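What follows is a short report on a single structure.
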Amino acid sequence: LDIAQRASTGGLPSAARVDELIAEAHARYRGHGEGAVADYIPILAEADPAGFGLSLVSTEGGLHEAGDVAVAFSIQSISKAFVFALVCEAIGHRAVHERVGVNNTGLPFNSVIALELNEGSPMNPMVNAGAIATTAMLPATSGEERWQLIRSGLSRFAGRELPLDGEVYRSEILTNQRNRGIARLLDGYGRLDAEPEETVDIYTRQCALAVTTRDLAVMGATLADGGVNPVTGARVVSAEVARDTLAVLAACGMYERSGEWLFEIGLPAKSGVSGGIVAVAPGKGALGAFSPPLDAAGNSVRGQRACAFLSRALGLNLF
Ligand code: DON
């Protein structure tokens, strides 16, 4: 394969070449067998481990896809990136920086020890504690209003009304004692701006919004495009907020593996336990990947491999 070693400042190759490389990435990793499907949320254990889709959306709105791109899955932790952006847009990034933080914990996404070690600071909005605290910061007068702001905001990023997967929501809400504990602990430290049970409920719903790889790619391309959705043409957040979000993703988007990811792939990205990954190439576009088997940190194995290949082949690495 002729892999273009473009400078990261160059544009994407021709549309036909991008199509070819997406198909190549899918063919290369579709038979890959490592990783395990998440099962701490019972319904996720039923996901097809062979499922694998890749979508790339450019900042011009061009679409390139291969594999299971019409399969809907719950967005899970990838929602954290876009809720963070909405909160920054609503109240400014300084408030989130001060209250939640922007540094990596170096510990798993649902760590309670991380909270205790840092005197109640969640450290960043991409781990569960920080995401729950961030959801609570969105200005709203009721839980219902907060939920609608999140759902409509994430839908603007995707360019379509994102449905709630009620089965995933119910499965998680019956088994999420740990997140409830984290919210109580945050509240005990005086770091939660809304009622803990209600906030966890809304956070659980935001994680259960159903997306496809195409949705993830459009959402990521909106960040790549300085906050303007390249498909609908609508401005979703300011250019400054898009930049703030990408900075946090670079530092914390792949949890305790964020450094390795940046070292290998060189792009801001966010993963979720249902197997989604969004990786953003500023000014160029974004990749949406889906494949349920995960590594120990909770990141899709095939998704990581495909992103690594495509980052190199398309010359996306920022460094
Ligand atoms: O709160 C949770 O545990 C899930 N709703 C989301 C976690 C997640 O996606 C972690 N990502 N890899």
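Shape analysis of the chain places it in the prolate category; the axes a ≥ b ≥ c from the Cα gyration tensor give an a/c of at least 1.5, with a/b above b/c.
Using a Förster radius of 41 Å, what is the FRET efficiency between Glu34 and Thr232 based on their Cβ-Cβ separation? Nearest 0.05, please. If you can, show how the numbers build up before the last one.
Details: r = 37 Å, r/R0 = 0.90.
With R0 = 41 Å, the Cβ-Cβ based efficiency is 0.65.
Tell me the net charge near Ser55. Cut-off is 11 Å between Cβ atoms, Ser55 excluded, with +1 for each Lys or Arg and -1 for each Asp or Glu.
On the way: positive: Arg214; negative: Glu65, Asp68, Asp215.
Residues near Ser55 contribute -2 overall.
Full-extension gain between Thr175 and Ala15, please, as 0.36 nm times their residue separation minus the C-alpha to C-alpha distance. So the chain would gain 53.1 nm between Thr175 and Ala15. Highest GNM mean-square fluctuation among Arg151, Arg17, Arg180, for the chain modelled with Cα contacts below 10 Å: Arg17.
Within the listed set Ala247, Ala16, Ala269, the residue fluctuating most in the Gaussian network model of the chain (springs between alpha-carbon atoms under 10 angstrom) is Ala16.
The modelled label-to-label distance between Asn118 and Ala70, using points 7 Å beyond Cα along the C-beta direction, is 4.2 nm.
Each label was represented as a point 7 Å from its Cα along the Cα-to-Cβ direction; for Glu145 and Arg184 these points are 2.9 nm apart. Compared with the dominant principal axis of the Cα atoms in the chain, helix 196-207 is inclined by about 10°.
Name the shape class, rounded, prolate or oblate, that the alpha-carbon gyration tensor gives for the stretch 167-319, where a ≥ b ≥ c are the square roots of its eigenvalues, rounded holds for a/c under 1.5, and otherwise prolate holds if a/b is larger than b/c and oblate otherwise. Prolate, since a/c reaches 1.5 and a/b exceeds b/c. Approximating the spin labels as points 7 Å out from Cα along Cα→Cβ, the Glu240-to-Glu197 distance works out to 3.9 nm.
Laboratory data are not the source of any read-out in this text; all were calculated from the coordinates shown. Here the structure is a predicted model, which means the values were calculated and not measured. Cβ coordinates were reconstructed from backbone atoms using ideal geometry, including for glycine residues, and neighbour counts include every protein chain displayed.
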